[in-house]
Amino acid sequence: MASGPTGYAVIDVETTGLRPSWHDRIIEIGIAHVAFDGQVTGEWTTLVNPERDLGPQHIHGITASDVRHAPTFKEIAGAAVALLQGRVPVAHNLLFDASFLQYEFARIGVESPRLHDVGVCTMAEARRFLPGAPRNLAGCCAVADIQLDGHHDALIDAHAAAQLLRRYLELCHPDSPWPAALKAAADVTWPSVSGTDAVWVRRGVSAERNTHFLARILDRLPQAAQPTQADSYLALLDQVLLDRRISAAEADALVDLATTLGLYRADLDRLHRDYLTAIARAALADGVVTEAERQELDIVATLLHLPLGAVEDALTDSAGTPGALTTRFELPPGALVVFTGEMDDGREAWEQRARQAGYLPHPSVTKKVSLLVAADPDTLSGKARKARVYGIPIVTPDAFARMLG
């Protein structure tokens, strides 16, 4: 039994959905340590890899490209226990945050304390300290004149709840508003959980770590790429550029294939120019390069880090001998198309558009599927993992709309 609580641990989690019992998961956790006088004494936050899709990304704003660098809950469980033990758990809607934590611990075989039975809920306490305030965090902060910029960022929300906690403590000073919670926290026994050295990852890490994929390719003198090498690389490049973007996962795939084939940066520069020339040849097939076609060429050149003037060179060269790219990805009528993630207008609307265009929406990814349309092309969903294994292209809804004409 602990000698007594050492303060408060204010918690906030961002999740893939609202119900852990429906397989929703934590994707970000923020913890702020607060002393008994209400002062914040420490803070910690990390994204958490849920090993599934991220749910309503328009709400929490977390991208799969960031989460792919993050630890799993199992890898931070020991650190989380160290931050929570000996402290009174606090959250705005404690039942929600505590339920998700309890489910996450249960998934890794750890029986954790029922935090909502021993903690303080700033939402419930608002009835006493902020009468008439809305229940949500933003509403309580507005009534209490507490700044909340960046709502649905776990650490920002934890800090906001910590400020509400401080307001409540000040209103009751010098007495404690929650003597029972203080006693209960002192009696909580946490299990021993291994693993406390995982690196915690903040939002925006992809921008810091995901350099252009060419920067990760060895820079040596070029070799004469064999036709099979060129065909394999260009086929993957064509799939990657279907939606005229290169996601973090796709960049990794290009680097891995180039490394496997023994291609260097100079080899890729030549193959990228060949690819651009092939697109230019297609644009010139009717004798006219439209503004949209020229814009597409410029986008591809930029994505491949080709220099200024590469498009003009490609248009000039396209009148000569055929380039290395002989076949391009096509989506034939009747092709199976799978959708994943929460999309604007709803997934059902996109499936209907696919049917109207002559394609067949399919519920799961198999080797017979031709295309996966994903709200986030870096998604960690099971569908996306299978698509990458099978070499099925993954495109955004916007790109799919362009493919529909």
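The values are calculated or read from the model by the stated rules, or taken from the named source; none is laboratory data. Every value quoted in this text rests on a predicted model; they were computed, and no experiment measured them. Every residue, glycine as well, gets a Cβ built from its backbone with ideal geometry; the counts of neighbours run over all protein chains shown. Heads up: the accessible areas ignore ligands, DNA and RNA and are worked out on the full protein's heavy atoms, side chains in. Shrake-Rupley method; radii C 1.70, N 1.55, O 1.52, S 1.80 Å.
For region 100-111, name all the residues that are outside any helix (DSSP H, G or I) and either free of Cβ contacts under 8 Å to residues at least 12 places away in the same chain or surrounded by 23 or more Cβ atoms within 10 Å (Cβ to Cβ) (or both).
Going residue by residue through region 100-111, those that are outside any helix (DSSP H, G or I) are 108-111.
Passing the criteria: only 109.
Could you list all residues from region 194-217 that are farther than 24 Å from residue 77 by Cβ and touching a Phe, Trp or Tyr at 6+ places or on another chain (Cβ under 8 Å)?
217
Determine if region 80-99 includes at least one residue that is in contact with a Lys or Arg (Cβ under 9 Å, 6 or more places away or on another chain), modelled with pLDDT of 95 or more and in a helix (DSSP H, G or I).
Within region 80-99, one or more residues are in contact with a Lys or Arg (Cβ under 9 Å, 6 or more places away or on another chain), modelled with pLDDT of 95 or more and in a helix (DSSP H, G or I).
Can you report the number of residues in region 112-145 which are out of contact with any Cys (no Cβ under 8 Å at 6 or more places or on another chain) and part of a loop (DSSP other than H, G, I, E, B)?
Of the residues in region 112-145, the ones out of contact with any Cys (no Cβ under 8 Å at 6 or more places or on another chain) are 112-121, 124-125, 127-129, 131-132, 135-145.
In the following step, the residues that additionally are part of a loop (DSSP other than H, G, I, E, B) were identified as 112-114, 119, 131-132, 135-136, 144-145.
Count: 10.
When both residues are 6+ apart or on different chains and their Cβ atoms are under 7 Å apart, which pairs have a first residue that lies in region 251-262 and is more than 11 Å from residue 233 (Cα to Cα) and modelled with pLDDT of 90 or more, and a second that is open to solvent by less than 40 Å² (accessible area, probe 1.4 Å) and assigned to a helix (DSSP H, G or I)?
Pairs found: 251/213.
Can you name the residue in region 242-286 that is closer than 16 Å to residue 300 by Cα and outside any helix (DSSP H, G or I) and is also most open to solvent (accessible area, probe 1.4 Å) among such residues?
245
For region 371-383, name all the residues that are open to solvent by 10 Å² or more (accessible area, probe 1.4 Å) and not in a loop (DSSP other than H, G, I, E, B).
382, 383, listed by residue number.
Taking the conditions exactly as written (open to solvent by 20 Å² or more (accessible area, probe 1.4 Å), modelled with pLDDT of 90 or more, over 20 Å from residue 403 (Cβ atoms) and of a type in the set (D, E, K, R)), does residue 294 satisfy them or not? Explain how you work it out, then say what you get.
Values: open to solvent by 20 Å² or more (accessible area, probe 1.4 Å): yes; modelled with pLDDT of 90 or more: yes; over 20 Å from residue 403 (Cβ atoms): no; of a type in the set (D, E, K, R): yes.
No; evaluated as a whole, the condition is false for this residue.
With 386, 368 as the choices, which residue is without any contact (Cβ under 8 Å) to a residue 24 or more places away in the chain, open to solvent by 70 Å² or more (accessible area, probe 1.4 Å) and either at negative phi or among the polar types (S, T, N, Q) (or both)?
Working: 368 fails: without any contact (Cβ under 8 Å) to a residue 24 or more places away in the chain.
Just one listed residue meets the conditions, 386.
Residue by residue through region 297-319, note down the ones that are free of Cβ contacts under 8 Å to residues at least 24 places away in the same chain, part of a helix (DSSP H, G or I) and open to solvent by 20 Å² or more (accessible area, probe 1.4 Å). Let's see the steps before the verdict.
To start, the set of residues in region 297-319 that are free of Cβ contacts under 8 Å to residues at least 24 places away in the same chain comprises 297-298, 302, 307-309, 312, 316.
This time we only want the ones that are part of a helix (DSSP H, G or I), so: 297-298, 302, 312, 316.
Selection gives 298, 302, 312, 316.
Is it fair to say residue 128 is open to solvent by 60 Å² or more (accessible area, probe 1.4 Å), closer than 15 Å to residue 164 by Cα and of a type in the set (Lys, Arg)? Lay out the reasoning, then the answer.
Working: open to solvent by 60 Å² or more (accessible area, probe 1.4 Å): yes; closer than 15 Å to residue 164 by Cα: yes; of a type in the set (Lys, Arg): yes.
Yes, satisfied.
If you take the residues of region 54-79 that are part of a loop (DSSP other than H, G, I, E, B) and open to solvent by 40 Å² or more (accessible area, probe 1.4 Å), which of them is farthest from residue 384 (Cα to Cα)?
First, the residues of region 54-79 that are part of a loop (DSSP other than H, G, I, E, B): 54-56, 61-63, 68-72.
If we keep only those that are open to solvent by 40 Å² or more (accessible area, probe 1.4 Å) too, we end up with 61, 63, 68-69.
Numbers: 61: 20, 63: 15, 68: 13, 69: 17 Å.
Per the criteria, the residue is 61.
Each row is one residue, and each column tells you yes or no for (1) touching a strand residue (DSSP E or B) at 6+ places or on another chain (Cβ under 7 Å); (2) open to solvent by 70 Å² or more (accessible area, probe 1.4 Å); (3) under 21 Å from residue 9 (Cβ atoms); (4) of a type in the set (Lys, Arg).
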site: 140; (1), (2), (3), (4): no, no, yes, no
site: 147; (1), (2), (3), (4): no, yes, no, no
site: 152; (1), (2), (3), (4): yes, no, yes, no
site: 167; (1), (2), (3), (4): no, yes, yes, yes
site: 172; (1), (2), (3), (4): no, no, yes, no
site: 182; (1), (2), (3), (4): yes, no, yes, no
site: 187; (1), (2), (3), (4): no, no, yes, no
site: 218; (1), (2), (3), (4): no, yes, no, no
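If you take the residues in region 16-42 that are of a type outside the set (A, V, I, L, M) and touching a helix residue (DSSP H, G or I) at 6+ places or on another chain (Cβ under 6 Å), which one is surrounded by the most Cβ atoms within 10 Å (Cβ to Cβ)?
The initial filter retains those residues of region 16-42 that are of a type outside the set (A, V, I, L, M), namely 16-17, 19-25, 28, 30, 33, 36-39, 41-42.
Filter once more, so that each one left must be touching a helix residue (DSSP H, G or I) at 6+ places or on another chain (Cβ under 6 Å): 20, 28, 30, 38.
Numbers: 20: 20, 28: 27, 30: 22, 38: 17.
Only one residue tops the list, namely 28.
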